[in-house]
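All remarks here apply to the structure that follows.
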Amino acid sequence: MEKMYFSRLSSDAKSIVNEIEGHIRKEISIKLGSNQFASVNVNSAVISIPNSDYFSDGPILHELLHLKRYYLEGVAQVEVYDLFRDKVHKDCVNYIDNDIEHLAIIPIEVAMYPQRREYWMSAVRENITELELIRKNNLIGGDVISRNFNTIFRWIFLRHIIKDYELEARVKSLLESFGAVEKAIQLDGIVASNLPKEVFVREICDFYEFSTDRISLKYASGKEMTLTKYFQPSVVEESNSYSL
Ligand SMILES: [Zn+2]
């Protein structure tokens, strides 16, 4: 990571940077000009942020934890293979990956930096307010699947990660309005069973009747990245190795 950024991090975050960079033998790049996210690429590990003012320990630690899971722990990253697939399907799959990863990452993040709990609470609060507006105005909000998916995962997030009872009650009321309480309880049971990510993704896709024929699981570890089309093992597809 460039010195001008690295020097602004806490020692905890610095040691995670060193750990990742030592493993992949590349520098983590900071890219400006877009939303905050981390990307695991064939040739680089990148953390994107809107501008340099946005560079601060909390958000960067969050993205570093994403990268650590993919690179060091070898956790699969869910991707949509076919970019021309309908947008709702694509968004939901992207949510699946992010939501699953957040169930693992945010408890670590909050344990390291307790002030991040307030950040996540206000992010969920904002999300709930949007969903309440959709309910109030009787809007569909994308489509029913993505609206319900979003509501259910906010509920699970609050139950398992943030544990705020007032917000949880607001989401529960949304679930009741959307007729999604039963589905939420079922999905909560899947989350509680602590499955490996591959099985978990399959369960969620089956649960929502999402087709998995356009989903791939990408693994990045060591100095090689392999792209495996996990959900179609019978089809001979790309199984390429790239240098990182
Ligand atoms: Zn994240």
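Some notes on this structure:
- Anisotropy class of segment 9-81 from Cα gyration tensor, a/c 1.5 cut: oblate
- Rounded to whole numbers, the Karplus 3J(HN,Hα) couplings from phi for segment 120-125 are 5, 5, 6, 5, 5, 4 Hz, using 6.51 cos²θ - 1.76 cosθ + 1.60 with θ = phi - 60°, and x at Gly and Pro.
- Between LEU133 and SER56, the simple spin-label model (points 7 angstrom out along Cα→Cβ) gives 2.4 nm.
- For ALA45, the amide hydrogen comes within under 5 Å of the amide hydrogens of SER29, counting only partners 5 or more places away or on other chains and with H modelled in the peptide plane.
- With neighbour counts taken as other beta-carbon atoms within 10 Å, the residues ASP188, ASP53, ASP99 rank, fewest first, as ASP53, ASP188, ASP99.
- Efficiency of FRET from Cβ geometry, PHE37 and ARG8, R₀ 25 Å, rounded to 0.05: 0.80
- Sorted by Cβ density within 10 Å, fewest first, the residues SER146, SER11: SER11, SER146
- Using a cut-off of 28 Å between Cα atoms, the listed pairs LYS26/LYS163; LYS26/LYS197; LYS31/LYS218 include LYS26/LYS163 as exceeding that distance.
- Within segment 97-113: backbone nitrogen closer than 19 Å to the LYS163 label point (7 Å, Cα to C-beta): 102-113
- Karplus-based coupling profile of segment 170-185, in residue order and whole Hz: 5, 5, 4, 5, 5, 4, 5, 4, 8, x, 10, 4, 4, 4, 4, 5, with θ = phi - 60° in 6.51 cos²θ - 1.76 cosθ + 1.60 and x standing for Gly or Pro.
- Among CYS92, CYS205, the ranking by other beta carbons within 10 Å of each residue's beta carbon, starting with the fewest, stands as CYS205, CYS92.
Any read-out appearing in this document is the output of simple, stated calculations on the displayed coordinates, not a laboratory observation. Since the structure is predicted, the reported quantities are computational estimates derived from the model, not experimental observations. Methodologically, a virtual Cβ is constructed for each residue, glycine included, from the backbone with ideal geometry; neighbour enumeration extends over all protein chains shown.
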